[in-house]
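In what follows, a single structure is set out as structure tokens and then discussed.
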Amino acid sequence: MTDTDTGPRTVDAHHHVWDLSVRDQDWITGPELAPLRRDFTLSELESAARSTDVAATVLVQTITVPEETPEFLALAAGSALVAGVVGWTDLASPAVADALTELRECPGGEFLVGIRHQVQGEPDPRWLTRPDVLRGLAAVADAGLAYDLLVKPHQLPAAAEAAARLPELTFVLDHLAKPPVATGELEPWAGEIRRLAALPNTVCKLSGLVTEADWDSWRVADLVPYADTVLDAFGPDRLMFGSDWPVCQLASDYVEVLDVAGVLMSALNDTEYREVFAGTAVRTYGLRI
């Protein structure tokens, strides 16, 4: 955006931090993920963001333990950059409503804007439609929070069913449901994306594309069909930029990910562009920036 644009500057709606001395990230395994096997701090992200027009971010959970979310809320309370936190709680617990209330009462609890679970790792492709999970999702809606969908393409039908059954809850699709960018296939992913996007309570993050491509040889052209699909399906007012830092560093760096997203959205007019890079995130998560 230029200096004459009105409204907020860029919002990075999806990033992580972790400190391995506090807690292991047990998903970081094998030689391919070795570059991620170190601490990634908020100060490191702040340094990267200084060379961009990113004015606010959303910090997203990384593992399914209850201790992480209060830590993230405290980080947000002490940061000029983090405007919201997508945390974790056990959706299948009968006490999920009480757990959400407790998170809201933590230091920094006002920064809690959403909940997420690593559904991508659940062996049951219909996990999101389980009665106990639907009950938990209803509690998320009652708390006035959004729900981030971390799913793979084969789990999109269940995601659409859950969203249809809970129209009062906003579902935010992370990483376009991880399409097969490396192989160039579009179907059945694209069809399932359109079915999800047909529900008005769904939003999508333009995030995670570079790490679904070939890390060493990807080109912007490889990403275009997938970005075009979600832009057409959701529209700019239901699409939001997210860097997926530091995971994106497996294939790119922070500045390049932001630049590439700009190229992918370059056909938009100024108003539409501001939606993708700020407005949708501010509105969906109720960010106060």
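No lab work stands behind these numbers, since they all come straight from the coordinates. All figures in this text were calculated on a predicted structure; none of them were measured in a lab. So basically every Cβ, Gly included, is an ideal-geometry build from the backbone, and we count neighbours across all protein chains shown.
Positive end of the dipole of the stretch 133-176 (Cβ unit charges, origin at the Cα centre): among Gly144, Gln155, Leu169, the Cα lying farthest that way belongs to Gln155. Once backbone amide H atoms are built at 1.01 Å from N, His14 has Val58, Ser243, Asp244 as its partners under 5 Å, excluding neighbours fewer than 5 places away on the same chain.
When only alpha carbons of the stretch 180-273 are considered, Rg and Dmax amount to 12.9, 37 Å. Classify the stretch 50-183 from the C-alpha gyration tensor, please: rounded if a/c falls under 1.5, else prolate or oblate depending on whether a/b exceeds b/c. Since a/c reaches 1.5 but b/c is at least a/b, the shape of the stretch 50-183 is classed as oblate.
Under a point-charge model restricted to the Cβ atoms of Lys and Arg (+1) and Asp and Glu (-1), what is the dipole moment magnitude of the chain relative to its Cα centre, in debye to the nearest 20? Write down the numbers at each step before the final one.
On the way: 21 positive and 44 negative charges, 116 e Å.
Roughly 560 debye for the chain.
Per-residue 3J(HN,Hα) values for the stretch 22-33, derived from phi via the Karplus relation 6.51 cos²θ - 1.76 cosθ + 1.60 with θ = phi - 60°, read 8, 7, 6, 9, 6, 7, 8, 10, x, x, 5, 8 Hz in sequence order (x marks Gly and Pro).
Principal axis analysis of the Cα atoms in the stretch 119-202 yields extents of 40, 27, 16 Å, listed in decreasing size.
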